[in-house]
Amino acid sequence: LDESDGSPIEGWLLWQPPPGERIVTPMIVTDNLIFVSTASMTYAVDLASQTAVWSYGAGGHLASSDDGVLFIATSEGILHAISTLE
């Protein structure tokens, strides 16, 4: 949705993970990316190009911190912390 008025953004289609995977948790949206998780992978999808620009070999529940850390809590009880700052 358009942040200014809540109207749908025309031409924007939800990115889909590779065949055999499905999105399992809520997504995290930043100014330019959407972080999407499946059971086994986490992807950063560029809002402008609608393509995955980064992936990480763990999936699960996502959270982010104010200082640019992406947290991935897996179903095995492992917590991954990844800096999203360059």
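If you consider only alpha-carbon coordinates, what radius of gyration and Dmax does the chain have, in Å?
So, for the chain, Rg and Dmax equal 13.3, 41 Å respectively.
With a 1.4 Å probe and every protein chain left in place, work out the accessible area per residue of the chain in Å², rounded to a whole number. Don't jump to the answer; show the numbers that get you there.
On the way: 5840 Å² over 86 residues.
Using a 1.4 Å probe on heavy atoms only, each residue of the chain averages 68 Å².
Can you compute 3J(HN,Hα) from phi for each residue in segment 21-32, using the Karplus curve 6.51 cos²θ - 1.76 cosθ + 1.60 with θ = phi - 60°, rounded to whole Hz and x for Gly and Pro?
Result, ordered by residue: 10, 9, 5, 10, 9, x, 8, 10, 10, 10, 4, 10 Hz.
Projected onto the charge dipole of segment 1-49 (+1 at Lys/Arg Cβ, -1 at Asp/Glu Cβ, origin at the Cα centre), which of 20, 47, 37 gives the Cα projection farthest towards the positive end?
Value computed over the given set: 20.
With charges set only on the Cβ (+1 for Lys and Arg, -1 for Asp and Glu), what does the dipole of the chain come to about its Cα centre, in debye to the nearest 20?
Working: 1 positive and 11 negative charges, 92 e Å.
Taking the Cα centre of the chain as origin, the dipole is about 440 debye.
Ignoring any ligand, DNA or RNA, what whole percent of the accessible area of the chain comes from carbon and sulfur when the probe is 1.4 angstrom?
Values: 3230 of 5840 Å².
Result for the chain: 55 percent of the exposed heavy-atom area is carbon or sulfur.
Can you order the peptides 63-70, 30-37 by their average number of other Cβ atoms within 10 Å per residue, highest first? Each step should come with its number before you reach the end.
On the way: 63-70: 12.5, 30-37: 17.8.
By packing density, highest mean first, the sequence is 30-37, 63-70.
The values are calculated or read from the model by the stated rules, or taken from the named source; none is laboratory data. All values reported here derive from a predicted model rather than from experimental measurement. Glycine also receives a Cβ, built like all others from the backbone with ideal geometry; neighbour counts cover every protein chain displayed. Protein only, heavy atoms only, side chains kept; ligands, DNA and RNA dropped before computing areas. Shrake-Rupley method; radii C 1.70, N 1.55, O 1.52, S 1.80 Å.
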